[in-house]
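Engineer: Pasting a structure here, questions to come.
The values are calculated or read from the model by the stated rules, or taken from the named source; none is laboratory data. Note that the coordinates shown come from a computational prediction; the quantities given were computed from them, not determined experimentally. Cβ atoms come from the backbone with ideal geometry, glycine included; neighbour counts cover every protein chain shown. The area values use the complete protein model at the heavy-atom level, side chains included, leaving out ligands, DNA and RNA. Shrake-Rupley method; radii C 1.70, N 1.55, O 1.52, S 1.80 Å.
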Amino acid sequence: QFRQFIESSGYVTDAEKNNRGCVHEDMNAPGTPFVMNPKLTWKTPGYEQTDGHPVTCVSWHDAQQYVAWLSAETKTPYRLPTEVEWERAARGGQATAYFWGSKASNNQANYSGVGGKDQWPAVAPVGQFPANKYYVQDTSGNLWEWVEDCWHTTYHNAPIDGKAWEAGCENPSVRVRRGGSWDMNGAGMRSAIRSPGSQHDRSNLYGFRVARDWQKKQ
């Protein structure tokens, strides 16, 4: 789906502009293992990737361009989910650490290592693990997912209507990611886990999913 967007629109992702590349984890690098590799993009993220995998090495800004294109192409209002919407969908009506219970499980999600149903050392194709009670899959682990909101350290004064939190941003260019990724331990993919990132950050640990606004039939 992302490939169709690129081929149709001619859009150039942040990773592809001026060969900027994408962040990956290099355990041999001095200091932090997370380094920019100019060869990595959504086409070549540094591990095996097919059209059945979720797109990665995309920034929040790239995701916004995709949903704008998708909305125009389909004449349907698509967007990134808000942080509240994302967590509600990810929890599937459950208050436990994960929608399936209180303990991490390789039979339920793709995260660090392999075992059980998790046989992928990096990203798994979409839909390989059970859905929650809201019929949503892959919210725990696999890839961090960009949401609409700007970053706030706490939920103090957060809106209670489910809309994106865009007021009083600590930095309007810093956005929110949810869900953890394939390199995280079990605790790092809890339904409550969240992290900040610049809207132009990209990594082979990041992806996104879309939301579609409800439309009343005429």
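Engineer: By accessible area of protein heavy atoms, probe 1.4 Å, what ranking do Thr74, Thr153 get, highest first? Mind dumping the intermediate values first?
Structural biologist: Details: Thr74 60, Thr153 85 Å².
Sorted by accessible area, descending: Thr153, Thr74.
Engineer: Show that you can apply the helix-only estimate: for the chain, add -39,500 (n - 2.57) for every DSSP H stretch of four or more residues, divide by all residues, and state [θ] at 222 nm to the nearest 500.
Structural biologist: Values: 3 runs with 32 residues, N = 218.
-4500 deg cm²/dmol, from helical runs alone.
Engineer: Could you give the nm distance between label points at Val126 and Lys103, where each point is 7 Å from its Cα heading toward the beta carbon?
Structural biologist: 3.2 nm
Engineer: Further, regarding this structure: How large is ³J(HN,Hα) for each residue in region 129-142, as worked out from phi by the Karplus curve 6.51 cos²θ - 1.76 cosθ + 1.60 (θ = phi - 60°), to whole Hz, x for Gly and Pro?
Structural biologist: 10, x, 7, 7, 5, 9, 6, 9, 10, 6, 7, 9, x, 6
Engineer: Same structure, new question: Output the relative contact order of region 111-218, whole-number percent, from Cα pairs under 8 angstrom with separation of 6+ residues.
Structural biologist: Details: 166 pairs, mean separation 32.4, N = 108.
That works out to 30 percent.
Engineer: So what is the accessible area of the chain per residue, in Å², with the probe set to 1.4 Å?
Structural biologist: 52 Å²
Engineer: Can you tell me the relative contact order of region 36-171? Whole percent, Cα pairs under 8 Å, sequence separation 6 or more. Let's see the in-between values first.
Structural biologist: On the way: 153 pairs, mean separation 31.0, N = 136.
Relative contact order of region 36-171: 23 percent.
Engineer: Rounded if a/c is under 1.5, else prolate if a/b beats b/c, else oblate: with a ≥ b ≥ c from the C-alpha gyration tensor eigenvalues square-rooted, which is region 1-120? Working shown, then result.
Structural biologist: Working: a/c = 2.01, a/b = 1.13, b/c = 1.78.
Oblate is the answer for region 1-120, as a/c is 1.5 or above yet b/c matches or exceeds a/b.
Engineer: Dividing the alpha-carbon Rg of region 119-218 by 2.2 N^0.38 Å yields what? Mind dumping the intermediate values first?
Structural biologist: Working: Rg = 15.0 Å, N = 100, 2.2 N^0.38 = 12.7 Å.
So region 119-218 has a normalised radius of gyration of 1.18.
Engineer: Also, quick follow-up: Excluding residues on the same chain fewer than 8 positions from Lys39, give the aspartates and glutamates whose Cα lies under 14 Å from its Cα.
Structural biologist: Answer for Lys39, where 14 Å is the Cα cut-off: Asp14, Glu16, Glu25, Asp26, listed by chain and number.
Engineer: Net charge within 14 Å of Met184 by Cβ-Cβ distance, Lys/Arg positive one each and Asp/Glu negative one each, not counting Met184 itself?
Structural biologist: Numbers: positive: Arg177, Arg178, Arg190, Arg194; negative: Glu25, Asp118, Asp138, Glu145, Asp183.
Local net charge: -1.
Engineer: Which whole-number percent gives the relative contact order of region 1-91, counting Cα pairs below 8 Å spaced six or more residues apart? It would help to have the intermediate numbers written out before the result.
Structural biologist: On the way: 89 pairs, mean separation 20.5, N = 91.
The normalised contact order for region 1-91 reaches 22 percent.
Engineer: Quick one: net charge of Thr74's neighbours, Cβ under 15 Å, K/R +1, D/E -1?
Structural biologist: +1
Engineer: Can you tell me the alpha carbon radius of gyration of the chain divided by the globular rule-of-thumb value 2.2 N^0.38 Å? Spell out each step's value before the answer.
Structural biologist: Details: Rg = 17.0 Å, N = 218, 2.2 N^0.38 = 17.0 Å.
In units of the globular-protein estimate, the chain measures up at 1.00.
Engineer: Distance in nm between label sites at Val174 and Val12, each 7 Å beyond Cα in the beta-carbon direction?
Structural biologist: Roughly 3.0 nm, to one decimal.
Engineer: Using amide H atoms built in the peptide plane, which far-off residues or other-chain residues are under 5 Å from Glu148 H to H?
Structural biologist: For Glu148, whose amide H was placed from the backbone, the distant partners under 5 Å are Thr82, Glu83.
Engineer: Can I ask one more? Residue by residue, what Karplus-based ³J(HN,Hα) values in Hz, rounded to whole numbers, does region 103-109 have, using 6.51, -1.76 and 1.60 with θ = phi - 60° and x for Gly and Pro?
Structural biologist: So the Karplus estimates, Gly and Pro as x, are 10, 4, 8, 6, 8, 10, 7 Hz.
Engineer: To continue, here is another question. Carbon-plus-sulfur fraction of the accessible area of region 77-128, 1.4 Å probe, in percent?
Structural biologist: On the way: 1260 of 2460 Å².
Reported share for carbon and sulfur atoms: 51 percent.
Engineer: Amide H to amide H, which residues 5 or more places from Ser203 or on other chains are under 5 Å from it, using H placed in the peptide plane?
Structural biologist: Those qualifying (amide H under 5 Å, at least 5 residues apart or on another chain) are Val23, Cys57, Val58.
Engineer: Can you tell which of Gly92, Ala124, Asn18 lies farthest toward the positive end of the dipole of region 1-156, using +1 and -1 charges on the Cβ of basic and acidic side chains (Lys, Arg; Asp, Glu)?
Structural biologist: Result: Gly92, furthest along the dipole toward the positive end.
Engineer: For Ala68 and Ser195, calculate 0.36 nm times their separation in residues minus their Cα-Cα distance, and state this gained length in nm to one decimal.
Structural biologist: Details: separation 127, 0.36 × 127 = 45.72 nm, distance 2.41 nm.
Residue separation times 0.36 nm, minus the Cα-Cα distance, leaves 43.3 nm.
Engineer: Which net charge results for the neighbourhood of Arg3, defined as the other residues with beta-carbon distances under 12 angstrom from its beta-carbon, given Lys and Arg at +1 and Asp and Glu at -1? Numbers along the way, then the final one.
Structural biologist: Details: positive: Lys43; negative: Glu7, Asp51.
Neighbourhood net charge equals -1.
Engineer: Please state the charge dipole magnitude for region 10-148, taken about the Cα centre, from unit charges on C-beta atoms (+1 on K and R, -1 on D and E), reported in debye and rounded to the nearest 20. Show your work: numbers first, answer last.
Structural biologist: Working: 11 positive and 15 negative charges, 44 e Å.
Charge dipole of region 10-148: 220 debye, to the nearest 20.
Engineer: What's the FRET efficiency of Ile160 with Gln119 using the Cβ-Cβ distance as r and R₀ = 35 Å, to the nearest 0.05? List each step's numbers first, then the result.
Structural biologist: Numbers: r = 41 Å, r/R0 = 1.18.
That pair, Ile160 with Gln119, gives E of 0.25.
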